[in-house]
Amino acid sequence: MRKLATLVALQLLMVGALLAQTNLMQNTYNRAKTTLNGKWNVIIDPYDNGSYSYRLDRFDEMSRSPRSAYYMDAKAKDKTDRMEYDFDIAETLMVPGSWNMQNDKYYWYEGSMWYRRLFTYDKEADGNQVFVRFEGANYHTHVYLNGKKLGQHIGGFTPFEFNITDKLRAGNNSLVVVVNNMRHRDGVPTINTDWFNYGGLTRDVFLYEVPAKHIADYTIQLKKGSTKEIGVEIATKGLKAGEKVQLRIPELKVEKAFAVDANGKVSTSVKVKKINYWSPKNPKLYNVELLAGNDQLNDKIGFRTIAVDGSKILLNGEQIFLKGISIHEENPVRGDRAFSIDDARTMLGWAKELGCNFVRLAHYPHNENMVRLADELGIMVWEENPVYWTISWENEATYQNAQNQLAEVMTRDKNRASVIVWSMANETPPGEARDKFLKRLVAFTRSHDNTRLLSAAMEKHKDKTNKKIMIVDDPFAQYVDLLSFNEYIGWYTGKPTSCEKIQWKIKYDMPVVISEFGGGALAGFHGDETTQWTEEYQAAIYREQLKMLSKIPQWAGATPWILSDFRSPRRPLGKIQDGYNRKGLISETGEKKKAFFILQGFYNNKQR
Ligand code: GCB
């Protein structure tokens, strides 16, 4: 009973800790940084032997010396002193990067890995604050500096950071991080996914410094329903009521100084005469400068409106067709999780070549380089929360975890014009508990952002009496703006030619965005259109699908599955899959399959 009470208390504490994480600093992307990327010493720890205090279920915890906890980064004092770990002589892994892809012995490893990095740091000015920021670590991370706990984070795909000002030492500092990528039934995502469970510090790690008075957060976007009024929400730290924060957008002739309130905040708007709106044809970004005390922060922000009208999607008031593709955060050619701007250039470069104006970043938030580059290239973006398949709908901690991950990506990307859709979930079966969970997420999202479209990748089902009739009637659709669903006619349902006979019964008059269709093909494997796994079979699916979808009156876009082949333990078929989901239009060696050109031809000819 006591153990249960402790566990509940621990969970509540964790929820508190998680929510605190949404205090992410805005636009660290453009702040001066000290990178901590590079080689880190690591110790693999499948039994969680190195954790002295975070596992309350340890039976022998009290019998050990605190120095034996790996986060103490301790050394044997002399030859009589027994220490059973030593980071100085431990092997190294590159950060960013998953452990799985850096050494064969870690390929299937799921568990804890300890990372240690030594660094020295001199503050630029007394009174400045120093933070350590992790752009992403999969999945559960605990962070320690010089033997003291900084905090923890749950979720593999969103940033987190800690203020380390008071814990920094002159000389060497020891930053120790333990990342555990075990899958959990109650996790987000849950145990079963169709992608590889890359573990570790998979994105950038860096230090940054801000003056005591600084800009902490801001939202600068067109106000909902307006084309000339820019909403301005700014949160500062260290400023007293009445002190000023300045906003400059030189090209729009905006130069304003606002007094902050007692909470250091400003909530206002500015009217401008003429805006050059952001769009795929004209990805105009304005230089935006914010100044508070000695702090100056620059950003590049695009202004656009996105809305739906009946079954149409309107960008800047004009109808647009979303020519999209789904993408996993995996650079197939490098063979690891994507994290860098070069990876983003590869993936979005392919999407551009395909004729896309839209990408679905499936099934979790991708790294910030992707959305920053999408802003520059004029590619609209669908961002997705890792609520995938059947997570624990009834568990409050699971809900809080999902909401927190969504809050973190929204905080990071709310000023990106490219992001037009927040997706709540992927392929979740309708039911009371699921509906309640997703409706709560929708309410949360809308209360923080009323300017973007909401969706989720839903499902279709067959009519009970007539197999050719496909029904889309998920009640959750009523709470979102786009009716998106995954359908695999020609692959999981029927043959490519089945597309011809399908009749769609779509219950809602909303824009239909097909979030997935496709089929598998091994690049270089050829045959006729009836032979599974050939490029011809996959090409036939694309040809027939595009004909079928063109007949749906409210069809407004698609993000076929998927840009490139990706690793998945669910795909063991020898000689064909070999551990890869083969639905990519591009192989893991960068080879374009026939279907790539079918979709490219379609997109190039499609007007809106
Ligand atoms: C789906 C899932 C996606 C899978 C895909 C497939 O519906 O959303 O994650 O990878 O099907 O290939 O089966």
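The values are calculated or read from the model by the stated rules, or taken from the named source; none is laboratory data. Keep in mind that this is a model prediction, so the values were computed, not measured. So basically every Cβ, Gly included, is an ideal-geometry build from the backbone, and we count neighbours across all protein chains shown.
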Counting only residues that are crowded, with 18+ Cβ neighbours inside 10 Å and assigned to a loop (DSSP other than H, G, I, E, B), region 294-310 contains a total of 4
Within region 544-556, is there a residue that is under 28 Å from the mean Cα position of the chain (by Cα), away from the ligand (no atom under 15 Å from the Cβ) and buried (at least 18 other Cβ atoms within 10 Å of the Cβ)? yes
Filter result for Arg582 (within 24 Å of Tyr198 (Cα to Cα) and assigned by TED's automatic domain parsing to the domain that holds Val359): yes
Under 7 Å between Cβ atoms, which residue pairs at least 6 apart in sequence (or on different chains) link something in region 587-608 that is assigned by TED's automatic domain parsing to the domain that holds Glu353 with a partner that is small (Gly, Ala, Ser) and assigned to a helix (DSSP H, G or I)? Lys594/Ala539; Ala595/Ala539; Ile598/Ala539
Identify, by number, the condition in (1) part of a strand (DSSP E or B); (2) surrounded by 24 or more Cβ atoms within 10 Å (Cβ to Cβ); (3) away from the ligand (no atom under 16 Å from the Cβ) that Ala456 doesn't meet. (3)
Pick from Val442, Val419, Val409, Val472: which is of a type in the set (A, V, I, L, M), modelled with pLDDT of 95 or more, within 30 Å of Phe134 (Cα to Cα) and in contact with a Lys or Arg (Cβ under 8 Å, 6 or more places away or on another chain)? Val419
Scanning region 126-170 residue by residue, those crowded, with 16+ Cβ neighbours inside 10 Å, under 23 Å from Ala216 (Cβ atoms) and of a type in the set (Ser, Thr, Tyr) turn out to be Thr141, Thr158
The one condition Ser279 fails out of (1) surrounded by fewer than 15 Cβ atoms within 10 Å (Cβ to Cβ); (2) in a loop (DSSP other than H, G, I, E, B); (3) among the small types (Gly, Ala, Ser) is (1)
Only one of these conditions is not met by Val245: (1) without any contact (Cβ under 8 Å) to a residue 40 or more places away in the chain; (2) assigned to a strand (DSSP E or B). Which number is it? (1)
Among the residues of region 533-540, is any within 30 Å of Asp473 (Cβ to Cβ) and under 29 Å from the mean Cα position of the chain (by Cα)? yes
Could you list, ordered by first residue, the pairs with Cβ atoms under 7 Å in which the first is in region 514-538 and under 27 Å from Phe485 (Cβ atoms) and the second is part of a helix (DSSP H, G or I) and of a type in the set (S, T, N, Q), at least 6 apart or interchain? Phe517/Gln545; Gly519/Gln538; Gly520/Gln538; Ala521/Gln538
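Kindly indicate which of Leu361, Leu354, Leu373 is within 16 Å of the ligand (Cβ to nearest atom) and either without any contact (Cβ under 8 Å) to a residue 60 or more places away in the chain or more than 21 Å from Ser568 (Cβ to Cβ) (or both). So that I can check it myself, show each step before the final result.
Values: Leu354 fails: within 16 Å of the ligand (Cβ to nearest atom); Leu373 fails: within 16 Å of the ligand (Cβ to nearest atom).
Leu361 is the lone residue from the list that is within 16 Å of the ligand (Cβ to nearest atom) and either without any contact (Cβ under 8 Å) to a residue 60 or more places away in the chain or more than 21 Å from Ser568 (Cβ to Cβ) (or both).
Kindly indicate the residue of region 255-297 that is among the β-branched types (Val, Ile, Thr) and out of contact with any helix residue (DSSP H, G or I) (no Cβ under 8 Å at 6 or more places or on another chain) and also nearest to Val359 (Cα to Cα) among those meeting that condition. I'd like the intermediate steps shown before the answer.
Within region 255-297, the subset among the β-branched types (Val, Ile, Thr) is 260, 266, 268, 270, 272, 275, 288.
Going one step further and asking which of them are out of contact with any helix residue (DSSP H, G or I) (no Cβ under 8 Å at 6 or more places or on another chain), we end up with 260, 266, 268, 270, 288.
On the way: Val260: 38, Val266: 34, Thr268: 32, Val270: 31, Val288: 26 Å.
Going through the qualifying residues, I end up with Val288.
Select from region 56-88 the residues that are under 35 Å from the mean Cα position of the chain (by Cα), loosely packed, with under 11 Cβ neighbours inside 10 Å and either outside the structural domain of His140 (by TED's automatic domain parsing) or modelled with pLDDT under 95 (or both) and list them in ascending order. Quick ask: steps written out before the conclusion?
Looking only at region 56-88, we keep the residues that are under 35 Å from the mean Cα position of the chain (by Cα), and these are 56-58, 69-73, 85-88.
Narrowing the set further to residues that are loosely packed, with under 11 Cβ neighbours inside 10 Å leaves 57, 88.
If the condition is that a residue be under 35 Å from the mean Cα position of the chain (by Cα), loosely packed, with under 11 Cβ neighbours inside 10 Å and either outside the structural domain of His140 (by TED's automatic domain parsing) or modelled with pLDDT under 95 (or both), then Asp57 is the only one that fits.
Of all residues in region 321-335 being among the charged types (D, E, K, R) and surrounded by 21 or more Cβ atoms within 10 Å (Cβ to Cβ), which is farthest from the ligand (Cβ to nearest atom)? Steps first, please.
Kept after step one, since they are among the charged types (D, E, K, R), are these residues of region 321-335: 323, 329-330, 334.
So of that shortlist, the ones also surrounded by 21 or more Cβ atoms within 10 Å (Cβ to Cβ) come out as 323, 329-330.
Values: Lys323: 20, Glu329: 13, Glu330: 12 Å.
Once the filter is applied, the top-ranked residue is Lys323.
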Check Leu563, Leu573 and return the single one that is over 28 Å from Met380 (Cβ atoms), modelled with pLDDT of 95 or more and within 14 Å of the ligand (Cβ to nearest atom). Leu573
Surrounded by fewer than 22 Cβ atoms within 10 Å (Cβ to Cβ), within 16 Å of the ligand (Cβ to nearest atom) and within 30 Å of Asn466 (Cβ to Cβ): is that true of Thr531 in this structure? no
Condition test on Val188, is it within 30 Å of Lys414 (Cα to Cα), touching a residue at least 12 places away in the same chain (Cβ under 8 Å), part of a strand (DSSP E or B) and of a type in the set (A, V, I, L, M)? no
